[in-house]
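The values are calculated or read from the model by the stated rules, or taken from the named source; none is laboratory data. Computed from a predicted model, the values in this text were never measured in an experiment. Positions of Cβ are generated from backbone atoms using ideal geometry, with glycine treated the same way; all protein chains shown enter the neighbour counts. Surface areas here come from the heavy atoms of the whole protein model, side chains and all, with no ligands, DNA or RNA. Shrake-Rupley method; radii C 1.70, N 1.55, O 1.52, S 1.80 Å.
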Amino acid sequence: MSTLLDIKSSVLRQVQVCPSFRRKTEQEPESTGTDSQEPPTGAWKPGDGVEFFAHMRLILKKGDGRQGLPCPEVLLRSGSPAPAEPVDPNRGMRALTQEEVEMLYEEALYTVLHRAGTMGPDQVDDEEVLLSYIQQVFGTSSEEHMEAIARVKKAKAPTYVLKVSVMRAKNLLAKDPNGFSDPYCMLGILPASSAPQESSGQKEQRFGFRKGSKRSSPLPAKCIQVTEVKSSTLNPVWKEHFLFEIEDVNTDQLHLDIWDHDDDVSLAEACRKLNEVIGLKGMSRYFKQIVKSARANGTSGPTEDHTDDFLGCLNIPIRRDTAMSQRGRSGFLSYLLLLSRVLWFEHRVEEPNSSNWRGELSGPGTTILCLHGAQSNLSPLQLAVLHWQVSSRHHQMRTLDYGYLLGLLEDVQAHWEEAASLPQEQEESLADSFSAFSEFGLRLLRQLRDYFPATNSTAVYRLELLLKCLEKLQLFQPAFQICPFETELNMDIAAALKRGNREWYDQLLNTKSPREQPGPQRLAGLVELADIIYEDLQSCYGVYASLFHGILKVDFFTLTFRQLERLVAEEAWVLTEELSPKMNLEVASGLFELYLTLADTQRFWSCIPGRESRSLALAGIHTPFLPAVKLWLQVLRDQAKWRLQGAVDVDTLEPVDAASKHSSSAATASLCLSHIQELWVRLAWPDPAQAQGLGTQLSQDMCEASLFYTELLRKKVDTQPGAAGEAVSEQLCVVLNNVELVRRASGQALRGLAWPEGANGLEGVLPRPLLSCIQALDEDLQREAHTVTAHLTSKMVADIRKYVQHISLSPDSIQNDEAVAPLLKYLDEKLALLNDSLVKENLNRVLEALWELLLQAILQALSANRDVSADFYGRFHFTLEALVSFFHAEGQGLPLENLRDGSYKRLEEELRLHKCSTRECIEQFYLDKLKQRSLEQNRFGRLTVRCHYEAAEQRLAVEVLHAADLLPLDANGLSDPFVIVELGPPHLFPLVRSQRTQVKARTLHPVYDELFHFSVPAEACRRRGACVLFTVMDHDWLSTNDFAGEAALGLGGISGITRPHVGGGMRPGQPITLHLRRPRAQVRSALRMLEGRTNKEAQEFVKKLKELEKCMEADL
């Protein structure tokens, strides 16, 4: 066999990897032009299609960001510094007089000059540094500074006091029989003059208070103090605080004993005897006696190994000889004024990011404030309150970091829980600071969008901290005896937000769409206003809502949405009523765009779980917009035609780029259809009945536009000059690709036009009018594609016939593969060009068309050649199989089931029959009759028969029972039917004659019940094609009998042939109903083969069949 049997088109193998159609997002080529059809009067001027669709793309782009619910990550786009918050110097601390400043200055100097104790690791111990810092804070000159120091040094020195806190003890010795003790503490100051002296090398002496010492006069109670007795415990907790006056801070010592209380000696008696000690010398002797007692009780005292460390600090009492203390100024107020002064000095406004300052003070500033607080005996709660009051006031003059303010509030809260009380004057001062700060915060929240824009992550974080500060203030409400808030703070916040929303909306309305302007002029501004409100609602949901609800339990989104939605709905209702009488294209365009934004707003609310749009003010807003939407869609239809006309006018019918196989106009048409579909989705008309009307009209307009485009293409390609002798036209290939692209784009766009069909509509099922429209358009565009394909392949018809003729005229000496080679080479070259120019779908269309052309050309060649040798038909059979392999291309070309269908079956049958003998052709004729099925089973009626083979008599029994529903072939509407029964093929039953029933007059349902016997051997009945042929005729007395129908029954399956009868068994021959029919094309193929045969057997068989056909033609 030749190697051409394995010929496969390399081009076809590449079809699988060809790019399928995708929606191109490239920009439409700018084009202008005039339409061959004038649009309706009042439409936009010709050539505006480009501008119109550009505006429509902007509308669609606006809706891209409105799909679903917004995410904070999308909204927070900027990390730049937050906008500056408003400051007011009048909201800070009261300005001091010069005299007050001088007194505060001296107070600070006094604090430094009379400091005592050890400084902390982060504090400054250098006195000169501290004094210099004070000078800088108050801005005094050197002379004034030295004079002030001199005045302070002349003042009376302070009295020192030791503040001792007895907290707890752990793991004490058990002194009682129950395994516990009843411990208490006794503590006092041991003066330096009476302190025991240690000799070198001697063991350290231990001192203790001893009960029962007798003295002539009592010792003041301030010298020795006692804690409460904690019963039955080895781990007592006291948390008691004591003050002791100190004469010499450098030498005096604190001494503490823990005793187990004994019921025999009361604690009161012990304290009474203790207070009998006279003077400090007696106190010293008392300590010595306690030492002896402790040694007598054991080798170690309770305080040696089992007492917990005490916590204490050195403090300066409030009795100070300064100008402020002489005038009755408390340490609380002086600390407040000094802290305010230090903050003002340390906070550098001119520095970058000054609004993020967190109150970090320098070392000298921290040291001075710490000293002053300790010397003024301020509690931790008072210090926390002072820092909050000063910083919150300072923040309203110079912005601070809200995280710092929040930390101050947390400190106040922590210490408040421990102390839980303040003097009334200080509590009132704290309440005033809370009120002032909350008022300041509410003022900021009213202008939320200005100071905390949702797109600025820094500002949003500041807002979060501000809300947390307000939440802390809200927690203090039940703790105050004097409540700083008249109502719940969250109610004030909600009221501030509502007021801020209204102020923002009114300002926006006056800027964008003032009510003083005429309606048409206001429309554009109202569209812009609605867009801004939608974006603001997105910010409220995506950013603000979680903050307000999570921190303050305020539903900010619902509050804002309801308020703004109602305001914009009222404005829209009023404006549509005003513009309805003035409806024109410009007004319709503006109202259409406004409605899209309002519908997006309504859908935004519906997207949130648990929300219904029926309760909104926008519910039913679509009603007044319906006339504008209808008019705008009419404009869209006209503009689409103008746009397509302009695109085709400038189209050169060349591919857009190397990757695309369609031209620029197809890209424009595809984008136009896609934009229309996207616009319909955004429109989402809520009324089902109105939506059906709008959708139906729009779908018809899109179908009309698609067909209009293909018509423009056809006209354009007809006017293009074609290259002489060019078998494959590149322009036709581009046009074919354009049609396919528009077919796909229009189908996808139309499926996207599905509208709601009310409560009875099925989800996901296209409405029936839309489905019909899609099917009709697809059929039209498929027909257009086949027309272009036929036009494209028509240029190859002459060449194909030439190469097929070359095969038919090739001498028998040439091998089959050599005869077929020129045709395959020609096809391979042309398909290579087509593969480069066509997309896969169109290449398949061309392949199918070429395949049909080849089959028809071969059939014509066969009909033109009669009485040729068997080799002639064998060569064409080889050609047919080679073409099947070529077009299938190992599965990458046309499917085998498509190749071997239709004309292929006819051709293959003719080739096979041409190779058969006359008798084989006759047998095939009868086999075709047996395979034939009636397409209309009741059209020609039915015939019921019964057949069986009687083996004993070697005969076939055929019983014609009855017929029904025969054709009326006489003028009276009836027939005179009879049945001819014959066996075939004739060469299998040469001695058997046909038999016929009686004629049944004037009936369409004859009953015969006639039995016929045919003496034939069983072997003949089992042969290929053996059958009984029943022919129903209408008897005519004056003319030729009419043909009514025929039916065939194969003999190989009747009773007695398939299995022999057994005596006493089942009755042979069950009734069989046959549907009458008329011969069809597949039956006549064998007849045509026989017509070309010149032998007598074939001619006689054909003659008999011709006579039967004449009867059938007469009936028709």
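Each row is one residue, and each column tells you yes or no for (1) modelled with pLDDT under 90; (2) over 40 Å from the mean Cα position of the chain (by Cα).
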| position | (1), (2) |
| --- | --- |
| E464 | no, no |
| L467 | no, no |
| Q474 | yes, no |
| A479 | yes, yes |
| I493 | no, no |
| K498 | no, no |
| Y505 | no, no |
Next item on the list: Kindly indicate which of S934, S903 is modelled with pLDDT under 90, within 58 Å of the chain's Cα centre (by Cα), under 30 Å from L974 (Cβ atoms) and of a type in the set (S, T, N, Q).
Entry: S934
Next item on the list: State all residues of region 965-979 that are surrounded by fewer than 16 Cβ atoms within 10 Å (Cβ to Cβ) and in contact (Cβ under 8 Å) with a residue 40 or more places away in the chain; if no residue qualifies, say none.
Entry: D965, D970
Check: Any residue at all in region 759-769 that is modelled with pLDDT under 90, over 17 Å from N842 (Cβ atoms), in a helix (DSSP H, G or I) and under 32 Å from the mean Cα position of the chain (by Cα)?
Finding: yes
Checklist line | Residue check, A669 surrounded by fewer than 19 Cβ atoms within 10 Å (Cβ to Cβ) and under 33 Å from the mean Cα position of the chain (by Cα) | finding: no
Next item on the list: State yes or no: is L809 in contact (Cβ under 8 Å) with a residue 60 or more places away in the chain and either of a type in the set (F, W, Y) or open to solvent by 10 Å² or more (accessible area, probe 1.4 Å) (or both)?
Entry: no
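Table: residues versus (1) at pLDDT below 85; (2) assigned to a loop (DSSP other than H, G, I, E, B); (3) open to solvent by less than 50 Å² (accessible area, probe 1.4 Å); (4) touching a strand residue (DSSP E or B) at 6+ places or on another chain (Cβ under 8 Å).
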site	(1), (2), (3), (4)
E1046	no, no, yes, yes
V1062	yes, yes, no, no
M1066	yes, yes, no, no
T1073	no, no, no, yes
T1094	yes, yes, no, no
Q1099	yes, no, no, no
V1102	yes, no, yes, no
C1111	yes, no, yes, yes
Checklist line | Any hit, region 990-1001, residues being crowded, with 19+ Cβ neighbours inside 10 Å and either modelled with pLDDT under 90 or in a loop (DSSP other than H, G, I, E, B) (or both) | finding: yes
Next item on the list: Would you mind stating whether Q447 is surrounded by 15 or more Cβ atoms within 10 Å (Cβ to Cβ) and at pLDDT below 90?
Entry: no
Item checked: Selected residue (only one of P655, P581, P609 is surrounded by fewer than 23 Cβ atoms within 10 Å (Cβ to Cβ) and within 20 Å of E711 (Cα to Cα)) -> P655
Item checked: Within region 558-578, tally of residues that are closer than 19 Å to D506 by Cα and surrounded by 17 or more Cβ atoms within 10 Å (Cβ to Cβ) -> 12
Item checked: Among (1) closer than 22 Å to T789 by Cβ; (2) β-branched (V, I, T); (3) buried (at least 20 other Cβ atoms within 10 Å of the Cβ), the one test that V717 misses -> (3)
Next item on the list: Take region 359-375 and flag every residue that is open to solvent by 10 Å² or more (accessible area, probe 1.4 Å) and in contact (Cβ under 8 Å) with a residue 40 or more places away in the chain.
Entry: G359, S362, G363, P364, T366, C370, L371, A374
Item checked: Qualifying residue in region 52-65 (condition: surrounded by fewer than 17 Cβ atoms within 10 Å (Cβ to Cβ) and modelled with pLDDT under 75) -> yes
Item checked: Residues (in contact with a His (Cβ under 8 Å, 6 or more places away or on another chain), of a type outside the set (S, T, N, Q) and not in a loop (DSSP other than H, G, I, E, B)) located in region 135-165 -> K163, V164
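Results for (1) out of contact with any helix residue (DSSP H, G or I) (no Cβ under 8 Å at 6 or more places or on another chain); (2) among the polar types (S, T, N, Q), shown as yes or no for each residue.
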residue	(1), (2)
Q136	no, yes
I149	no, no
K156	yes, no
V164	yes, no
K170	yes, no
N178	yes, yes
Item checked: region 76-129, subset surrounded by 14 or more Cβ atoms within 10 Å (Cβ to Cβ), at pLDDT 80 or above and small (G, A, S), residue nearest to R446 (Cα to Cα) -> A82
Check: Going through region 843-900 one residue at a time, which ones are over 17 Å from L809 (Cβ atoms) and among the charged types (D, E, K, R)?
Finding: R845, E848, E852, E881, E890, E897, R900
Notebook entry, point to check: Can you tell me which residue in region 882-904 is least open to solvent (accessible area, probe 1.4 Å), limited to those that are free of Cβ contacts under 8 Å to residues at least 40 places away in the same chain and charged (D, E, K, R)?
Noted result: D901
Note to self: For region 159-169, check the following and say yes or no: at least one residue is at pLDDT below 85, open to solvent by 50 Å² or more (accessible area, probe 1.4 Å) and closer than 30 Å to D260 by Cα.
What the structure shows: yes
Notebook entry, point to check: Do we have E439 as over 30 Å from D506 (Cβ atoms) and surrounded by fewer than 19 Cβ atoms within 10 Å (Cβ to Cβ) here?
Noted result: no
Checklist line | Test result for W632, touching a helix residue (DSSP H, G or I) at 6+ places or on another chain (Cβ under 6 Å), buried (at least 18 other Cβ atoms within 10 Å of the Cβ) and either under 30 Å from E571 (Cβ atoms) or among the acidic types (D, E) (or both) | finding: yes
Next item on the list: Confirm whether L631 is part of a helix (DSSP H, G or I), in contact with a Phe, Trp or Tyr (Cβ under 9 Å, 6 or more places away or on another chain) and aliphatic (A, V, I, L, M).
Entry: yes
Item checked: Residue in region 381-432 that is surrounded by the fewest Cβ atoms within 10 Å (Cβ to Cβ), counting only those that are over 20 Å from R341 (Cβ atoms) and of a type in the set (S, T, Y) -> S421
